[in-house]
Every structure is written in C-alpha cells, then in structure tokens.
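Notes to accompany the following structure.
The values are calculated or read from the model by the stated rules, or taken from the named source; none is laboratory data. Only a predicted model underlies this, so the values are computations on that prediction, with no experimental measurement involved. Cβ sites come from the backbone with ideal geometry, for glycine too, and all protein chains shown count toward neighbours. In case anyone asks, the SASA skips ligands and DNA or RNA and just uses the protein heavy atoms, side chains included. Shrake-Rupley method; radii C 1.70, N 1.55, O 1.52, S 1.80 Å.
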Amino acid sequence: MSKLLSLHAREILDSRGNPTIEVAATTQYGVVQASVPSGASTGKYEACELRDGGKRYNGLGVLHAVKNVNQIIARKLKGVDVTKQVAIDQLLCKLDKTNDKHRLGANAILGVSLACAKAAALCNGIPIFKHVMSLSGAKKPLLPIPVFNVINGGAHAGNDLDFQEFMLIPVGAKTFGEALQMGAQTYHMLKNMLRESYGKTAINLGDEGGFAPQLKDHREPIKLLLAAIEHAGYDGKIKLGIDCAASQFYQKGLYHFEGRGVSSEALKNLYTDLVEEFPIVSLEDPFSEDDLDGFADLTQIIGKKCQVVGDDLLTTSVQRIHKAVQKRACNALLLKPNQVGTLTEALEAYQVASKANWKVMASHRSGETNDPFIAHLATGIGCGQLKAGALARGERVAKYNELLYLEECYHLRLASWR
C-alpha cells in the first residue's frame with residue numbers, strides 16, 4: 001500500500017536564481033514533491049552539492065544530479081516501502097559509495113530522501129511533522145521559536161559588515177502567532193529607522209530578506225536592533241542573535257575583521273564584551289571551522305548565558321558533533337539536512353546533540369525554495385528553534401506561514417527559550 005511507484009527529478013531555480021533539484025515521489029495515494037536548498041556560506045566539511053560545471057548557468061546547473069535520480073536512484077528504489085526511511089537512506093548512501101556523496105550528489109540524495117518522507121506521511125494520512133516525530137522518537141511536537149535574520153552582512157549582502165547575520169529572537173512570545181507578530185512589527189520599525197537615518201538604499205534586501213545597509217562597525221546593527229525593539233514596544237521580550245560566520249573572514253591564522261587582522265584570543269574578548277553589554281543569547285560560528293580551541297574557550301566563558309552554535313564547525317555531521325562534545329567546543333547545533341545529505345543522518349545528528357544536552361536550531365539555507373519541510377522538521381523533533389530568514393521574500397515567509405497553519409490546525413504549543 002505504501003510502495004514507491006516512481007521517482008522523477010527536475011531542475012528548478014532557488015531564491016537566488018540558481019538551479020537546484022526538485023524530486024517528485026509517486027505512490028498510489030498521490031504525488032509529493034521535495035526541493036533542496038543551497039548555501040552561500042558553506043563549510044568545507046559539508047556533503048558535496050553536485051553541480052554540472054561548464055557555461056550553462058555559470059556552471060551551477062544540476063542536470064547531472066537530476067540524471068542520477070532519474071536513471072540510477074529511481075530504478076533502485078522503485079517498489080520500496082516509503083515508510084522505511086532508514087532503509088531508504090541507507091540504500092542511497094550505499095548507491096553513492098563515497099563519504100561526501102560526491103558521486104550521486106548530496107542534493108540528489110536529499111531530494112529523494114525528503115520526497116520519500118513526504119510520501120510516507122501521505123500514505124499514513126498524517127502531517128509531515130508527525131511522521132518526523134515517529135522517525136526521531138520525539139515525545140511531543142513543539143513549534144519552534146523563530147529566529148529572524150533582519151540585518152544581513154558577510155556573504156549574504158553587498159555591504160562591509162563582516163558578521164553575516166544579526167537576528168531577532170522573540171523569547172517572550174507565548175504563541176507562534178505572537179512571536180511572528182513581534183518579529184514583523186520590529187522588522188518594519190527597523191525599516192523605517194534605516195530609511196530615515198541612512199536613506200533609501202539602506203532598506204535594500206540581502207539574500208535572506210534582511211536589510212543590507214552600508215554599515216561597517218558590528219556594534220551599529222546591534223544598537224539599531226535594540227532601538228527598533230524598544231520603539232516597537234517589545235523591550236526585554238526580544239533578544240538578539242549573531243551569526244558571525246567567522247570562517248568567511250579567516251585567512252592564514254588571523255581573522256580579518258573590520259580592516260585589521262586579529263587573533264582568536266582578541267576575537268574571543270570581543271565576543272565576551274558583546275555578550276556582557278548586549279542581550280545576545282545566540283552566537284553562531286564565532287570562530288573558523290577548524291578553531292576548536294577558540295570555540296571551547298568561548299563556550300567556557302559565556303556558555304551559561306549565551307548559546308554557542310556550531311554550523312561550519314559541525315556541518316550536521318555525527319562524527320564532528322562527537323568531536324565537539326568531547327572538546328566541549330560549543331553547546332548548540334545548527335541542523336541543516338543538506339549539509340549531510342539524508343533525513344536519517346540529520347536526525348541522528350539531532351539525537352547526538354540532544355543527548356549531550358545541547359540546544360538545536362533547525363535552519364534554512366540562503367538559497368531557498370518554497371518547500372516548508374524544515375518547519376515540519378523543527379516541529380516534529382521539538383528542537384524549539386528555527387532560523388528561516390527575515391519576514392520578507394516568499395521562500396522565507398513560506399516557512400513561517402506553515403508554522404501558523406500548524407499552530408491553528410493542531411493547537412501546538414510554542415517552545416520556551418530556556
């Protein structure tokens with residue numbers, strides 16, 4: 001009854017206008033589709049996103065990944081029981097035969113993995129988040145606190161900010177709808193303040209829907225956000241997060257930050273001062289992906305008042321998470337399924353992090369699609385946090401609107417920050 005009748009992949013465009021892959025899975029209950037996002041700020045330990053090269057789409061085409069689904073994977077998976085997610089994902093990894101999935105492409109493999117998960121939910125007559133619950137062993141679903149990237153820098157914008165994301169975190173919300181309202185009203189207040197203070201170009205949007213004003217000093221956006229929060233009437237109810245994406249400005253042993261080369265020690269002191277001075281409760285990738293000592297030293301100092309999130313450091317890899325746990329290098333995981341390539345592996349990464357009593361933040365990518373799967377993933381595992389961009393651009397809002405739908409239809413509770 002839940003047999004896979006067919007798989008079909010095709011090339012579509014993501015939110016940056018670059019190709020990505022969409023996979024349709026057909027069972028007797030109907031057709032479901034899953035699409036795969038792509039990152040701009042990517043860690044070197046991520047699974048391989050297969051691109052075609054050549055002149056077409058500036059080398060970013062994914063027709064080879066599409067072909068791998070349609071001519072290799074589809075034939076092997078035809079007739080499998082789509083509810084057997086672990087077996088499907090293990091077969092996908094076996095077909096690829098490489099550690100980083102460069103033969104078939106992590107984008108091809110993930111598209112199939114997610115499409116089968118959606119098909120299983122349809123066959124069982126349940127929403128996707130409940131199917132995710134059954135796979136993860138989570139006790140109850142929780143709507144995640146949304147983490148809004150409202151000022152963009154680094155690889156996500158064309159300004160001089162070295163830090164990549166400055167985020168609003170509505171920790172004082174009681175429901176998801178209230179969290180969304182708090183974020184939206186503060187976002188629009190920030191827009192008005194930027195226009196009045198810096199001119200119309202300051203409200204141009206970056207890749208994730210956040211504003212990209214021509215700022216240089218990392219303290220400027222922090223102060224702007226705090227002023228917008230206060231004017232919107234949410235002082236104390238919205239805290240701040242920063243994605244430093246430090247691997248992007250690390251080179252030859254130094255962090256090239258705001259026009260000068262600084263050491264890991266100096267950067268640690270800067271972060272310590274920021275967390276002491278401002279209501280920052282989340283700090284992501286404060287050091288490069290190989291600077292475990294920097295991560296560990298900072299976590300020891302600020303870890304009780306601020307989560308230190310590993311993204312490029314961990315790349316949703318069970319092996320790298322184990323290493324970071326042993327080193328006490330951070331206390332939170334950024335969960336991105338496309339960094340590892342299958343839903344099963346992403347859930348294993350979540351379980352290892354949770355067992356270590358880490359926080360987990362599910363996350364989109366900067367090159368997104370309208371697929372809201374990540375909203376169901378965050379809800380189903382009950383991780384309590386979801387980073388999905390600003391409150392603009394359809395591919396970001398799609399995730400937030402899906403969570404509104406889940407709150408209304410299933411009366412789900414919003415997670416608490418602590």
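Observations on the model:
- A DSSP coil position with no more than 14 other Cβ atoms inside 10 Å describes the following trypsin sites (Lys or Arg not before Pro) in the range 163-232: LYS174, LYS216.
- In nm, spacing of pseudo-spin labels at GLN181 and GLN28 (7 Å Cα→C-beta vector): 4.7
- A prolate overall shape is assigned to the range 298-418, the ratio a/c of its alpha-carbon gyration tensor axes (a ≥ b ≥ c) being 1.5 or greater and a/b exceeding b/c.
- If a spin label sat at a point 7 angstrom from the Cα of THR272 along the line to its beta carbon, the backbone N atoms of the range 283-314 nearer than 20 Å would be those of 283-288, 291-309.
- Along principal axes, Cα extents of the range 115-216, largest first, whole Å: 53, 29, 19
- In degrees, nearest ten, helix 292-302 long axis to first principal axis of the chain (Cα): 60
- Set of lysines with alpha-carbon distance to LYS200 below 25 Å, sequence-local pairs under 8 removed: LYS191, LYS216, LYS223
- Computed over the chain with a Gaussian network model linking Cα atoms closer than 10 Å, the most mobile of ARG328, ARG56, ARG320 is ARG56.
- The range 221-270: GluC sites (Glu not before Pro) falling in loop per DSSP and having at most 15 other Cβ within 10 Å: GLU258
- Hull-based mean projected area of the range 314-380, where the convex hull spans the alpha carbons, in square nanometres: 4.4
- The alpha carbon radius of gyration of the range 231-281, expressed as a multiple of 2.2 N^0.38 Å, is 1.43.
- Values (1) 58, 48, 43; (2) 83, 57, 44; (3) 71, 48, 40 are given for comparison; Cα extents along the principal axes in Å, derived from the coordinates here, is the one labelled (1).
- Cross-link check: pairs LYS252/LYS304; LYS84/LYS336; LYS252/LYS323; LYS174/LYS304 evaluated at a Cα-Cα cut-off of 28 Å; pairs beyond the cut-off: LYS252/LYS304.
- Debye-sum result for the range 26-162 in log10 I(q)/I(0), which assumes one identical scatterer on each alpha carbon, at q = 0.21 Å⁻¹: -1.27
- Tail fraction, Cα-Cα pairs, the range 256-323, threshold 19 Å, whole percent: 32
- Sum of -39500 (n - 2.57) over DSSP H runs of 4+, divided by residues of the chain (222 nm, nearest 500): -12000 deg cm²/dmol
- Within the shell of other residues whose beta carbon sits under 10 angstrom from the beta carbon of THR369, the net charge comes to -4, with Lys and Arg scored +1 and Asp and Glu -1.
- For the chain, the solvent-accessible area works out to 40 Å² per residue, with a probe of 1.4 Å and every protein chain left in place.
- Helix 219-232 and the longest principal axis of the C-alpha atoms of the chain enclose an angle of approximately 80°.
- With K and R counted +1 and D and E -1, the other residues having a Cβ less than 14 Å from that of ASN331 yield a net charge of +3.
- Share, in percent, of DSSP beta bridges within the chain that are antiparallel, nearest 5: 60
- Between ILE126, ALA246, LEU406, the Cα set farthest toward the positive side of the dipole of the chain (charges on each charged residue's Cβ, about the Cα centre) is that of ILE126.
- FRET efficiency estimate (nearest 0.05) - Cβ-Cβ, ARG219 to GLU265, R0 22 angstrom: 0.65
- Stretch gain in nm, segment LYS323-GLU11, where the contour uses 0.36 nm per residue and the Cα spacing is subtracted: 108.7 nm
- Net charge of Cβ neighbours under 10 Å - reference ALA120; Lys, Arg +1; Asp, Glu -1: +1
- Using 0.36 nm per residue and subtracting the Cα-Cα separation, the extra length available between SER2 and ARG103 on full extension is 33.5 nm.
- Folded to 0 to 90 degrees: helix 106-124 orientation relative to the chain principal axis, Cα: 70
- Contact order relative to length of the range 146-197, as percent, for alpha carbon pairs under 8 angstrom and 6 or more apart: 30
- Listed cross-link partners LYS239/LYS305; LYS67/LYS97; LYS118/LYS239; LYS355/LYS387 are compared with a 24 Å cut-off, the Cα-Cα value being larger for LYS118/LYS239.
- Apportionment of accessible area to carbon and sulfur, the range 113-216, percent (1.4 Å): 50
- Candidate aspartates and glutamates for bridging to LYS359, where Cα separation is under 15 Å - those fewer than 8 sequence places away on the same chain excluded: GLU284, ASP285, ASP311, GLU348
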